[in-house]
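Beneath this line is the structure, given in structure tokens, with notes to follow.
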Amino acid sequence: MMRYPVCLAAIALIGSGVPAFVPSTAHAQTLPDIQDLVIQGEQVNRNAEAARAPTLPYAAVDDGAVDGEAGIYVLTFNKIFQVSAGAAIGYTDNPTRTSADTGGSFFADFSAGAGVATRIDDKIDLGASLSMNAREFFKDYGPSSRSVSGAVSAGTGIVGPLYLGVAGFGGFSYDGAFEHGVSFYGLSATLSALLPVTPRLAVRPGVGAVRQWSGIDENRNTSLSGSIDASYAFSPTVSLLARGVISVRWYDDFYEDVTFVSRRDTLYGVSATLGWRPSEAFSLSASIAYDNQESRLFLSDFDALELGLAITARYRF
């Protein structure tokens, strides 16, 4: 059942025992728009992450190491071009990723992409990609979305295992009907270190920064994050990836004249992905992820559990 938001000032007055009156016209004209914008901003953030993912910094590892389907590493390879497609089905107990309690929903994900990645003089990695992504919720209240995006990246080792990667990305995020497009674009930088622990286990701590702009001024933001990934290879075809991340996102001006607070979100996330790759061309995976976000803007407080099964196909040439 939806919990409709109320004005922050009204909450303060009610909590103090002072009667508060919120004009219904102001509530109808302002707050629902803010809630919609929070949901739309969560979609844009997810689509921006998807745009950056294919061009995360490359880490050269031995051929026997775990490939980076889930995002830890990407093997350098002589075949520089790649096309891919994927589909997934999943469930989340918080489709809107807001404080509103709408109930859970199953969803389906679809993706397609093309890219190029190469290493110059065995020192500098370069990459570029184009992708399309879609998420369709089975429930009507789920905020289904579509996106088209592109990214370019460069990276290089600096000292010891430290690797510096930078990327530029951009695209458009749409609703489920491929309407109401919102542009997004930005720059990111990541510093990480690939640390082999055993022949089967590797960890990768990292820190990153992202500056993101949007066609909606209120969703422009800057974020800093710290993460640690661990990958364990049970066999040449089966691997487990675990990830923990803390991210802080500051918004330039998210309706501060209405909410009377400067918006800052702090996200804590953990996830695990079990993957099976019977060949270079195909992979299957099962994943579980939990996110908890604390925010100065009460609408952006949420926790969400997400489960998924995915299949991916890719061709390199």
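Here are some notes:
- Percent carbon-and-sulfur accessible area, region 137-190, ignoring ligands, DNA and RNA, probe 1.4 Å: 66
- Label point 7 Å beyond Cα of residue 80 along Cβ direction - residues of region 106-127 with amide nitrogen under 14 Å: 115-127
- Mean shadow area of region 243-317, taken as a quarter of the surface of its Cα convex hull (nm²): 7.2
- For region 187-298, the Cα gyration tensor yields ellipsoid semi-axes of 35, 15, 13 Å (square root of five times each eigenvalue, largest first, whole Å).
- Cubic angstrom per residue, convex hull over Cα atoms of region 217-271: 92
- In this label model, residue 284 and residue 132 are separated by 2.7 nm, measuring between points 7 Å along each Cα→Cβ vector.
- With the charge dipole of region 105-191 set up from +1 on Lys and Arg Cβ and -1 on Asp and Glu Cβ about the Cα centre, the Cα lying farthest toward the positive end among the listed residues 171, 159, 114 is that of 159.
- Computed over region 121-204, Cα set: Rg, Dmax in Å: 18.0, 52
- Computed on protein heavy atoms with a 1.4 Å probe, the accessible areas place 178, 302 in the order 178, 302, largest first.
The values are calculated or read from the model by the stated rules, or taken from the named source; none is laboratory data. All values reported here derive from a predicted model rather than from experimental measurement. Backbone-built Cβ (ideal geometry, glycine too); neighbour counts: all protein chains shown. All accessible areas refer to the heavy atoms of the entire protein, side chains included, with ligands and DNA or RNA removed. Shrake-Rupley method; radii C 1.70, N 1.55, O 1.52, S 1.80 Å.
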